[in-house]
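Okay, structure first, notes after.
The values are calculated or read from the model by the stated rules, or taken from the named source; none is laboratory data. Remember, it's a predicted structure, so these values are computed and weren't measured experimentally. Don't worry about glycine lacking a Cβ; one is built from the backbone with ideal geometry, like all the others, and counts go over all protein chains shown.
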């Protein structure tokens, strides 16, 4: 399966001005269409991406086109140039500043990299029977996390609006934002009011200079700065919080899809040992590793502790967010798995009970900064820790851990 294909350009009256920028870039062949043949063109041309000139477009017609494109595999980016109002969930907004089309090319290239990754995963899954393909059936936005930075009056409303669509990590300062960027996997940044133009400029410059964050969607809610940074998914979206959240979501969803595809690829490469949703071990792989770790600790005399992080059972997002934080921050010698009861169990190798408590507290502290989306509800797991005794087995140690959890809950 190849990601190659033409770029389909759909305009209202004649060829849009931005088509010249695509011509000069020479990325792909360009195919022009108007609204009278747009639907047929998507089927006949099988484009690698679709770019739509939005001013004056009928909303119902565009939504139908977005649905048609959203059903295609591999992923087909849909870029809505100069859009107004709320966009469909798979339509990436692109606002132009004074006829400047410089951001169109990097935005398109970033989106096409996601398409290429999707094509690779689908190709690898052709003979895959380990179950990783089930992940691709889920909406990637269900478990996306967004960093909301701000300290003005709009912050609470934005937090609620974004929290209805994704997990929200709040930061009232640039220093707190930097800590969250270092400690967790994020799918986008929304920068609200409360900072000077100089502070925002410095923050965006740092993001653009760090390869880890360069492709993150970054949404500014003020147009004080021109988007001239090397951030392909930087967008200015002003207006009411609901409007900002709705139009930021397509960019966030695309990044979440990219992260989801990366986890799926790693799951395939490990032949099903990793859970593609969390990056932790699958339950079966966890049971094997846990039994082996207990046996080695008992025979070799090393310490071993386990921790259970119990999340709100009414919020699956909380478990997945916590699991991904654990996957990112736990030591290379440790391992864990998400459980069907909504918890995550982590095994700390060569660790006594006191140090295991300290590690678990640090992991839990990072999780508590996330809103689960339920009107500001926080992701605060209940943590239980147990240590391996000389007469324990893997089964008895897990039983001890769950008994401790029941006592803590009573």
Query - Verdict on residue 272 being surrounded by fewer than 18 Cβ atoms within 10 Å (Cβ to Cβ), under 30 Å from residue 111 (Cα atoms) and at pLDDT 90 or above - result: no
Query raised in the report: Which one is nearest to residue 382 (Cα to Cα) among residues in the stretch 301-319 that are part of a loop (DSSP other than H, G, I, E, B) and without any contact (Cβ under 8 Å) to a residue 40 or more places away in the chain?
Result: 313
Query raised in the report: Can you tell me which residues in the stretch 65-86 are closer than 18 Å to residue 9 by Cβ and touching a helix residue (DSSP H, G or I) at 6+ places or on another chain (Cβ under 9 Å)?
Result: 65, 68, 69, 72, 76, 77, 78, 79, 80, 81, 83
Query raised in the report: Is it fair to say residue 249 is touching a helix residue (DSSP H, G or I) at 6+ places or on another chain (Cβ under 6 Å) and under 30 Å from residue 339 (Cβ atoms)?
Result: no
**Report entry** Checklist (1) farther than 19 Å from residue 350 by Cβ; (2) surrounded by fewer than 23 Cβ atoms within 10 Å (Cβ to Cβ); (3) at pLDDT 90 or above applied to residue 292, failing item
**Finding:** (1)
Report task. Please indicate, with yes or no, whether at least one residue in the stretch 195-212 is modelled with pLDDT under 95, surrounded by fewer than 13 Cβ atoms within 10 Å (Cβ to Cβ) and under 15 Å from the mean Cα position of the chain (by Cα). Result -> yes
Query raised in the report: Residue check: is residue 162 buried (at least 21 other Cβ atoms within 10 Å of the Cβ) and either part of a loop (DSSP other than H, G, I, E, B) or outside the structural domain of residue 220 (by TED's automatic domain parsing) (or both)?
Result: no
Report task. Within the stretch 276-286, identify whether any single residue is part of a helix (DSSP H, G or I), out of contact with any strand residue (DSSP E or B) (no Cβ under 9 Å at 6 or more places or on another chain) and in contact (Cβ under 8 Å) with a residue 60 or more places away in the chain, and answer yes or no. Result -> no
Report summary line: Only one of 261, 249, 231, 225 is part of a loop (DSSP other than H, G, I, E, B) and at pLDDT 90 or above, namely 231
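Each row is one residue, and each column tells you yes or no for (1) modelled with pLDDT under 90; (2) crowded, with 19+ Cβ neighbours inside 10 Å; (3) not in a loop (DSSP other than H, G, I, E, B).
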position: 341; (1), (2), (3): yes, no, no
position: 345; (1), (2), (3): no, yes, yes
position: 359; (1), (2), (3): no, yes, yes
position: 374; (1), (2), (3): yes, no, no
position: 386; (1), (2), (3): no, yes, yes
position: 389; (1), (2), (3): no, no, no
position: 395; (1), (2), (3): no, no, yes
position: 399; (1), (2), (3): no, no, yes
**Report entry** Residue match in the stretch 21-43 (condition: within 20 Å of residue 84 (Cα to Cα), in the same structural domain as residue 121 (by TED's automatic domain parsing), in contact with a strand residue (DSSP E or B) (Cβ under 6 Å, 6 or more places away or on another chain) and in a loop (DSSP other than H, G, I, E, B))
**Finding:** no
**Report entry** Residue list for the stretch 179-191, filter: in contact with a helix residue (DSSP H, G or I) (Cβ under 8 Å, 6 or more places away or on another chain) and either assigned to a strand (DSSP E or B) or exposed (fewer than 15 other Cβ atoms within 10 Å of the Cβ) (or both)
**Finding:** 188, 189, 190, 191
